[in-house]
Structures are given as C-alpha cells and as structure tokens.
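Below: one structure, written as structure tokens.
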Amino acid sequence: MIEMQRRMLYTPIFHIDTNLINARGSIPAMNQIEKWAADEIILVNMSGVSFKEALAGNNPIRTKKTFAQLFTLTDENIDITCQRYREIENAIFPGGAKNQNQHNDVKVVYEAAHWNAILVTRDGASNNQPGGILGNRDKLRGLVRIMSGLTQDAFLAKDF
C-alpha cells in the first residue's frame, strides 16, 4: 500500500478589520471570504484591537459574529517604538497618530504585517475619508498587503 503524504500548500491568511464583521451578511465581498474560510481555502483572523472594537456598542448580532472570529493577542505587546510600527504610523499618519483611534489603525495594520496576513478593510480611500488605511496603502506596499472589502470583484480578481 502506498502512503500519501499530506501536502503543505500556502493558505492565505486574511485579517479583517472591525468595519467588516458583516453581522447581517450584507457585504458581498465578506460573504465570499467567509465561504472560502468555511471551505478551508483561506484562514480568517482579526487583530485583538479589531476584536475589542467590534464588541463595542452592545449590538447582539455583531457581538455574536465577533465571538465567532479567531483573533490575535499580539496587540498587547506591540512595541510602538520599533521600526516597523513607526514606518506604518508614518505611512498612514505622516504627523504621527494623534488619538487612540489612529493608534488602533496603526496596530491593526502592524498586526497584519506581523502575521504576514492580507488586511481587508473599508477604512479610507473615500470622498469623506481620503486617507486612512486604504488611502495610504501604496505607501505600505512591501510591508503589508491591504485589500478593500467593498466589492466581491476585487477579491475574485486577486491571486492569493
């Protein structure tokens, strides 16, 4: 009898941002990501920062969906003086992060970079928020891969 060896194939890791919990299932791109995760094609995580943010607001549907996510614990031990953190902070906020929300954005990107994950977010690159994470993703190229969670077509066209 021939014994088959298990193959070790690349499994993309996606980190979803707080704004993509998709509690009601109304974001087509996230529905696709969730299907791929259920089919064990990809792995979906979220940063500890995103996990904590998603629990805010006491929305029972969102809380239930959040508790179903895997999340990292790295955010508690991030050295905000390290070079990678500073590079990410300067790319997103050239004058430095000014408040806790901005520091949280930097930590979310840092965690995705730390785990070599593809960050999926809807933060920025819009008329009312031209900057943010998406608006500055070109500056982050080489540090982390960032995708918009706005359209399903954006995911279907990517090579993971």
note = Hydrodynamic radius by Kirkwood for the range 33-95, inverse mean 1/r across distinct Cα pairs, in Å, is 13.9
message = Residues of the range 29-62 with the amide nitrogen closer than 19 Å to a label point 7 Å from the Cα of Ala23, along Cα-to-Cβ, please.
response = 29-31, 34, 46-62
inquiry  = Once the convex hull of the alpha carbons of the range 13-155 is built, what does its volume come to per residue, in cubic angstrom?
reply    = 115
note = For Ala38 and Leu70, extending 7 Å from Cα along the Cα-Cβ vector and measuring point to point gives, in nm, a value of 1.8
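A short reminder: the numbers here are calculations on the coordinates, not readings from a lab. Only a predicted model underlies this, so the values are computations on that prediction, with no experimental measurement involved. Reconstructed Cβ throughout: ideal geometry from the backbone, glycine too, with neighbour counts over all protein chains shown.
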